[in-house]
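Worksheet: one structure, shown below.
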Amino acid sequence: MSLASAEPMMTVNQQAERTLELLRASDALLEGHFLLSSGRHAGRYIQCARLLQYPERAAEACSMLAARIRETAAFDVVVGPAMGAVTMGYELARAMGTRGLFAERVQGGFALRRGFEIQPGERVLVAEDVVTTGKSVKEVLVMLTEMGVTDMAVASLVNRSGVDNPFADFGENGVPYFSLVPLDVPNWSADECPLCTDDSQGPAIKPGSRPGL
Ligand code: ZN
């Protein structure tokens with residue numbers, strides 16, 4: 001009889017490493033010299049949708065995130081801003097054993113459509129694939145607050161915000177935040193980009209194209 005029949009809980013570092021592996025295996029995390037749609041240049045490219053296109057990888061990542069969340073909290077429903085949270089929120093809802101909804105942008109914020117409903121007493125987990133500024137998530141938090149929801153938290157696969165919790169100052173008490181891996185994406189204006197003068201780098205390319213492949 002094996003004593004190790006049950007998988008031990010992954011540590012935070014193991015979860016972060018595994019998430020990076022899944023992102024790289026999916027070409028969702030590229031290193032190089034990239035031209036962003038804003039015109040700025042960047043040394044990394046992150047597009048979580050590329051990971052989430054593989055259901056098994058999406059399920060694995062969201063299962064890790066759900067295991068982390070369930071250590072400290074329980075929720076009744078997962079909701080996130082479309083489009084970023086549609087696939088990820090659904091998969092996270094499955095892993096959490098809850099309903100999975102998405103909110104849609106309307107004039108001046110986000111709203112539930114399609115007959116989706118959240119009751120004021122429900123505990124709501126707001127999902128997003130990557131949190132950068134957190135702007136869309138905050139708009140969903142505003143929507144939930146206006147619905148009378150008081151028990152809220154945020155979860156994402158990747159934390160690009162540069163701080164531990166970009167929602168710490170939301171509302172009176174802040175909103176808890178869970179993520180699998182923090183990730184910096186260094187970026188510069190074109191005339192300040194150090195990669196442009198780095199002989200080991202080619203010219204900046206749009207992330208959609210596939211150099212050297
Ligand atoms: Zn450059």
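Ile46 meets all of the listed conditions (1) of a type in the set (Val, Ile, Thr); (2) modelled with pLDDT of 95 or more; (3) under 22 Å from Trp188 (Cα atoms) but one, namely (2).
Within 16 Å of the ligand (Cβ to nearest atom), loosely packed, with under 14 Cβ neighbours inside 10 Å and in contact (Cβ under 8 Å) with a residue 40 or more places away in the chain: which single residue out of Gly39, Gly43, Gly32 fits that description?
Answer to the check: Gly39.
Looking at segment 139-151, can you tell me whether even one residue there is out of contact with any His (no Cβ under 7 Å at 6 or more places or on another chain), modelled with pLDDT under 95 and at positive phi? Within segment 139-151, not a single residue is out of contact with any His (no Cβ under 7 Å at 6 or more places or on another chain), modelled with pLDDT under 95 and at positive phi. Checking each residue in segment 164-183 for being surrounded by 12 or more Cβ atoms within 10 Å (Cβ to Cβ) and either touching a Ser or Thr at 6+ places or on another chain (Cβ under 7 Å) or farther than 20 Å from Thr145 by Cβ (or both) picks out Gly171, Ser179, Leu180, Val181, Pro182, Leu183. What are the pairs with Cβ atoms under 8 angstrom where one residue, in segment 173-185, is without any contact (Cβ under 8 Å) to a residue 24 or more places away in the chain and the other, located anywhere, is of a type in the set (Phe, Trp, Tyr)? Sequence gap at least six, or different chains. Between residues of segment 173-185 that are without any contact (Cβ under 8 Å) to a residue 24 or more places away in the chain and residues that are of a type in the set (Phe, Trp, Tyr), the close pairs are Gly174/Phe167.
Among the residues in segment 104-112, are any in contact (Cβ under 8 Å) with a residue 40 or more places away in the chain and among the aliphatic types (A, V, I, L, M)? Scanning segment 104-112 turns up no residue that is in contact (Cβ under 8 Å) with a residue 40 or more places away in the chain and among the aliphatic types (A, V, I, L, M).
The values are calculated or read from the model by the stated rules, or taken from the named source; none is laboratory data. These numbers come from a predicted model, not from an experiment. Heads up, the Cβs are rebuilt from the backbone with ideal geometry, glycines too, and the neighbour counts pull from every protein chain shown.
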